[in-house]
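These notes are about the structure you will find just below.
The values are calculated or read from the model by the stated rules, or taken from the named source; none is laboratory data. It should be emphasised that the depicted structure is a prediction, and the values quoted were computed from it without experimental measurement. A quick note on method: Cβ atoms are made from the backbone with ideal geometry, for glycine too, and the neighbour counts reach across all protein chains shown. Surface accessibility is based on the protein's heavy atoms, side chains included, excluding ligands, DNA and RNA. Shrake-Rupley method; radii C 1.70, N 1.55, O 1.52, S 1.80 Å.
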Amino acid sequence: MSGPIAPLARIYSGGRGGMVAVKLYAALLWRCSAPPYSTEKPARAWATLLDLDDPEGNGARRIKDAMKKLAGEGLIRITENPGFPNTITLRDESGSGRAYQLPSTAYTFAKTNKAKPEVLARDLYFKIPGKLWTNGYIQELSGPAMVMLMIFLAEQAGEGERVWFSTEEFPKRYNISHKTRAAGTAELVERGLLKVKAESLASGPYSTTFDTRRRRKVYELTPMARAAGRDLVAEAAPVVSPKGKAGSAAASPPKKLRRLRKKAPAKD
């Protein structure tokens, strides 16, 4: 693998701690979507939102460990408030420690001022649909499935685009193993969030029966996983449901998560 590794790729190592940190970061982006981009909710509240076991005890400890991971990568700043929950403030997604601003604002400003392509690329972003939270999908996703969902969203699949990957280039680009890719993709299909189709690639404009035929897999997120209309979203720069039939996006959330089907958290 070559090139710098993005903060979230370093955070996610396939273990449970990495999975909690990735989901927590997505939750922080969801909640802290307006200035001053901060929140003061207790660890047990985040553990409850992520549906972690024992939110008052071990779940809260896992959240605190995840907060330390995110702070260590420069993605958040933790300000201690003796006797009260800590203040968590978002920082720039690059991990540089710079002040946070909405990627859409930065991208629009750069585009308006005719910034160079590399500057525009730095502020590209994707949207995480709020309905994935309120319907319990994200809470139920495994680590590999969460990682692959974010990759598909980053590749514009969240806007309804069809996506395919080079088997050779994928691990170099995302620092994700083939095993993680395969497991995550299979789970998204099983949960009705992703459709996969095999397509034939013609060897040329005048291919014949005797030509070698190649095939590739094309991926498309289902409507449930897309950000559209007035759905509440969290913006993220490139850096849950019962098992059902593939392609079905109408399944209801698990019973233990139905209590989470409520309005999105109010901004602090």
request  = Please give the per residue accessible area of the stretch 98-174, computed with a probe of 1.4 Å over protein heavy atoms only, in Å².
outcome  = 51 Å²
ask   = With the dipole of the stretch 3-118 worked out from charges on the C-beta (+1 for Lys and Arg, -1 for Asp and Glu) around the Cα centre, which of ASN81, LEU102, ALA115 lies farthest toward the positive end?
value = ALA115
query = the stretch 118-161: D in µm²/s via Stokes-Einstein (Kirkwood Rh, Cα pairs, 10 °C, 1.306 mPa s)?
reply = 138 µm²/s
inquiry  = Quick check: the distance between the Cα centres of the stretch 152-191 and the stretch 18-60, to the nearest angstrom?
reply    = 25 Å
task = Give me the net charge of GLY57's neighbourhood, meaning all other residues with Cβ under 14 Å from the Cβ of GLY57; Lys, Arg count +1, Asp, Glu -1.
result = 0
